[in-house]
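Take a look at the structure set out below.
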Amino acid sequence: MRKIQKIIIWQIVLFSFFWNGYVKAQGFTVDDERSYQELMDAGEYEKAQEKISAKLKEINSKNTKNKRIPSNFISFVSIEQEIDINSLFNERTVENFLIEDNPELHQLHLDAALVNYQLKEYKRAASYLHQSLRYKPIEFKKDDKLFSLMSQIYLNMDNITAYRNSLELAFKLNPAISKYSKDLGLSYYESSQKKKAIYYLVNYVKMESFEIEDKKIFVKIANLNADINRNLEAQKFYLLYLEKSGDDYDIYYVVGNLAFNETGNLDLAQTCYMQVVQNMKDEESLKKSKSMEHLGDIAFKKMYYNAALEWYLQSIELEKGYRDNLENKRTEIKDYEDKINNLKIELLKSNNYVQYNEYQFLRQELARLKREEIQLNYELRKHASGKRRWKTAIVYEQTEQLNKAIDYYRESIKLDYRSNEARERIEKIQLKINRGY
């Protein structure tokens, strides 16, 4: 009996194997009995799309409410007797966007949108999503997810305006979701609509009780406020960032400048500049030297002349590194120019291809060095060297160190900063020295 059962089982297995092979060979397909939801869960989105399309087609074939009888079924007599064009025109009505409250059709269109989104068919996904809205009234604190999905579809289509509009609808439907505020704020941050960006980002950090993972958002809010001259608000959010994130000496420098130049908080500016001077690496010599200069300005305003002088001299000393590099670069350029000229003389005398290759190489190197010279010169101009010498001269004059004041006024003239006024001051100081008072 057991042998007979085994033989029957093997016959069934073999029949199934050969039948499947025959079906595939003939190009037939076997229907997948899984539901489209199961196919979606399994990540088989193309099959799920086919199932959804078939289901929608089946439902729509039974819906005759909005369908017209084909014109070839209507006789000319019936047209003349039954159709009154004027009455049709006068009695016309506007169709509502919502066709009917049909949860099944709504869900089918929504799932079709999700499937096409996964298949990266974004135009079709958007179309299905809009259709899903026509079969269900919008519900507060529920359908925000639908508009969030719509925003992601438009984002992938590079339609930023539609992305923002959809996300704003999601935010209005459910303001309690902080992510909507964050995404809207970050999107508007790149636009000209600074106030909108501030509104959404501030709303986001308040909803998170100022304990956000990405601390740079505080900097973004501060930057936006600074852009529209809300300097106290900008200062507040920069300081919040420093409080939450620890030491960021670039931001200390920014806050120092804001406090010194805009809000007039000299004590805060002094604290920030001291952080930069004490902790920033020498590679950031521009920010360090500028911080030293401003510390000198603050000391001068407070009439601490010796402290001011010390800071000015330190800033000039730090700047000398750039000046030395520039002079070395100019010397190197002069050497290359001499080599090229000598080589050119030799080439004009004889056709030496090896020397010509060397000549071309030297010219390329010379071009590179000149580009580096331009960059160094640009960086040096940022230091405002002449202005620093002028300030140093003023402090020396204020502290009755007249000969040193003359020296720095002369350096200011060399750097073409307030040259005429510097000459006048030198004359007055020399008269003072000669008279003795």
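Among the residues in the stretch 380-397, are any without any contact (Cβ under 8 Å) to a residue 40 or more places away in the chain, surrounded by 16 or more Cβ atoms within 10 Å (Cβ to Cβ) and more than 26 Å from Y322 (Cβ to Cβ)? Scanning the stretch 380-397, I find at least one residue that is without any contact (Cβ under 8 Å) to a residue 40 or more places away in the chain, surrounded by 16 or more Cβ atoms within 10 Å (Cβ to Cβ) and more than 26 Å from Y322 (Cβ to Cβ), so the answer is yes. Scanning the stretch 249-256 for any residue that is hydroxyl-bearing (S, T, Y), farther than 30 Å from Y322 by Cβ and in a helix (DSSP H, G or I) turns up nothing. Of the residues in the stretch 418-434, not one is closer than 30 Å to D335 by Cα and either touching a residue at least 60 places away in the same chain (Cβ under 8 Å) or not in a helix (DSSP H, G or I) (or both). Residue check: E397 meets all listed conditions (1) assigned to a helix (DSSP H, G or I); (2) more than 24 Å from Y304 (Cα to Cα); (3) of a type in the set (D, E, K, R) but one, namely (2).
Scanning the stretch 400-417 for residues that are among the hydrophobic types (A, V, I, L, M, F, W, C) and assigned to a helix (DSSP H, G or I) returns L402, A405, I406, I413. Return a yes/no flag: does the stretch 260-280 have any residue that is free of Cβ contacts under 8 Å to residues at least 60 places away in the same chain, under 22 Å from the mean Cα position of the chain (by Cα) and buried (at least 17 other Cβ atoms within 10 Å of the Cβ). Scanning the stretch 260-280, I find no residue that is free of Cβ contacts under 8 Å to residues at least 60 places away in the same chain, under 22 Å from the mean Cα position of the chain (by Cα) and buried (at least 17 other Cβ atoms within 10 Å of the Cβ), so the answer is no. Whenever a residue of the stretch 319-345 is under 30 Å from K288 (Cα atoms), it has no partner that is at pLDDT 85 or above and acidic (D, E) lying with C-beta atoms less than 7 angstrom away and at least six residues away or across chains. For the stretch 115-137, filtered to residues that are within 26 Å of Y188 (Cβ to Cβ) and crowded, with 21+ Cβ neighbours inside 10 Å, the residue that is modelled with the lowest pLDDT is Y117. Among the residues examined, Y135 does not qualify as at negative phi, among the aromatic types (F, W, Y) and within 25 Å of the chain's Cα centre (by Cα). For the stretch 428-437, a residue qualifies if it is more than 16 Å from Y396 (Cβ to Cβ) and not hydroxyl-bearing (S, T, Y), and the qualifying residues are L431, N434, R435, G436.
Of all residues in the stretch 291-311, those being touching a residue at least 40 places away in the same chain (Cβ under 8 Å) and over 27 Å from E373 (Cβ atoms) number 7. Considered as a group, the residues in the stretch 196-210 that are in contact (Cβ under 8 Å) with a residue 12 or more places away in the chain and assigned to a loop (DSSP other than H, G, I, E, B) include one that is farthest from K182 (Cα to Cα), and that residue is F210.
Could you tell me whether L224 is at pLDDT 95 or above and either within 30 Å of E411 (Cα to Cα) or touching a strand residue (DSSP E or B) at 6+ places or on another chain (Cβ under 7 Å) (or both)? Answer is no for this residue. From the list Q360, Q314, which residue is modelled with pLDDT of 80 or more and under 39 Å from the mean Cα position of the chain (by Cα)? Among Q360, Q314, only Q314 is modelled with pLDDT of 80 or more and under 39 Å from the mean Cα position of the chain (by Cα). For the stretch 162-186, taking the residues that are closer than 18 Å to E208 by Cβ and among the hydroxyl-bearing types (S, T, Y), the one that is surrounded by the most Cβ atoms within 10 Å (Cβ to Cβ) is identified as Y180.
Would you pick out the residues in the stretch 295-310 that are touching a Phe, Trp or Tyr at 6+ places or on another chain (Cβ under 9 Å) and either of a type in the set (A, V, I, L, M) or buried (at least 23 other Cβ atoms within 10 Å of the Cβ) (or both)? Residues satisfying the conditions are L295, G296, I298, A299, A307, A308, L309. Among the residues in the stretch 277-290, are any under 23 Å from N229 (Cβ atoms) and among the aliphatic types (A, V, I, L, M)? No. When the residues of the stretch 98-130 are narrowed to those that are more than 19 Å from E50 (Cβ to Cβ) and not in a helix (DSSP H, G or I), which ends up nearest to the chain's Cα centre (by Cα)? Applying the filter and picking the extreme gives L98.
The set of residues in the stretch 138-161 being under 23 Å from the mean Cα position of the chain (by Cα), surrounded by fewer than 15 Cβ atoms within 10 Å (Cβ to Cβ) and β-branched (V, I, T) consists of I160, T161.
Among the residues of the stretch 138-147, just one is outside any helix (DSSP H, G or I) and either in contact with a Ser or Thr (Cβ under 9 Å, 6 or more places away or on another chain) or at positive phi (or both), namely K141.
The values are calculated or read from the model by the stated rules, or taken from the named source; none is laboratory data. All values reported here derive from a predicted model rather than from experimental measurement. Backbone-built Cβ (ideal geometry, glycine too); neighbour counts: all protein chains shown.
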